[in-house]
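**Q** Pasting in a structure now, in structure tokens, and then I'll have a few things to ask.
The values are calculated or read from the model by the stated rules, or taken from the named source; none is laboratory data. Quick caveat, the model's predicted, so the values are computed rather than measured. Neighbour counts run over all protein chains shown; Cβ positions are idealised from the backbone, glycine included. The area values use the complete protein model at the heavy-atom level, side chains included, leaving out ligands, DNA and RNA. Shrake-Rupley method; radii C 1.70, N 1.55, O 1.52, S 1.80 Å.
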Amino acid sequence: MMKSILLGSAAALAISASAFAADAIYEAPAEPPMAAIETAPQFSWAGGYAGILTGYGWGDGETAGIDASFDGARFGGFVGYNWDLGNQLVVGLEGDLNYDWNDETVATVGDFESGLNWSARARMGYAMDRALLYVAGGYTGTNIEGNTALGSFDDTLHGWTIGGGVDYALTDRMFTRVEYRYNDFGSGNLGGTDVDFNQHTVNVGLAVKF
């Protein structure tokens, strides 16, 4: 009798051990859930902005048939608005107001200078995340003054401008700019003397996005 009990107990233990081993083999622990991968949103150039600029201008003027250079530093401000068209294309409108320290003495004619100037331009750009390569063109104008033997005169010239550059976002709200522009201010008249003026400029700027 005792022998039968011992054999039964041994068989029960063997069955329990087999079941436990099977559970250990087939019931593998569940894998932990994968952490969600977050991707940073791409920078957007859409919206308004305003900034300041400085740079240098190389002006070429002609008065009374005499050519003269009108070179000097410049300072100004600009405002604009961009629209994101998708596929990394950005279009916008921009206006600026600047002052150029350009003056020159033309022999036998008088002293001439250009100062306040402005423009309204359309822009088209290609965005590479935080860098925006663009071209821009439109209307420009400037005020010129002349002091001659006949007196002091001033006139406003109207013309066109074209150029390009790159804007680079330092933060989500602030960007820098490097830009080249050509300004053809057309022609005017100072006390009966015809004048023509055009200019090459290089500008650097700092702006804030709204």
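**Q** Can you compute 3J(HN,Hα) from phi for each residue in segment 63-74, using the Karplus curve 6.51 cos²θ - 1.76 cosθ + 1.60 with θ = phi - 60°, rounded to whole Hz and x for Gly and Pro?
**A** Going residue by residue, I get 9, 6, x, 10, 8, 8, 9, 10, 10, x, 6, 9 Hz, with x marking Gly and Pro.
**Q** If you don't mind, there's one more thing I want to ask. Ranked from highest to lowest mean number of other Cβ atoms within 10 Å per residue, what is the order of the peptides 93-102, 169-178?
**A** Highest-to-lowest ranking by the protection proxy: 93-102, 169-178.
**Q** Run the accessible area of segment 43-131 with a 1.4 Å probe and give the carbon-and-sulfur part as a rounded percent.
**A** Its accessible area is 62 percent carbon and sulfur atoms.
**Q** For segment 162-210, what % of the accessible area comes from carbon and sulfur atoms, probe 1.4 Å?
**A** Of all accessible area on segment 162-210, carbon and sulfur atoms account for 63 percent.
**Q** Right, here's the next one. In Å², what does the accessible area per residue of segment 32-148 work out to with a 1.4 Å probe?
**A** Per-residue value: 53 Å².
**Q** Report, by chain and number, residues whose modeled amide H sits under 5 Å from the one on LEU190, excluding near sequence neighbours (fewer than 5 apart, same chain).
**A** VAL195
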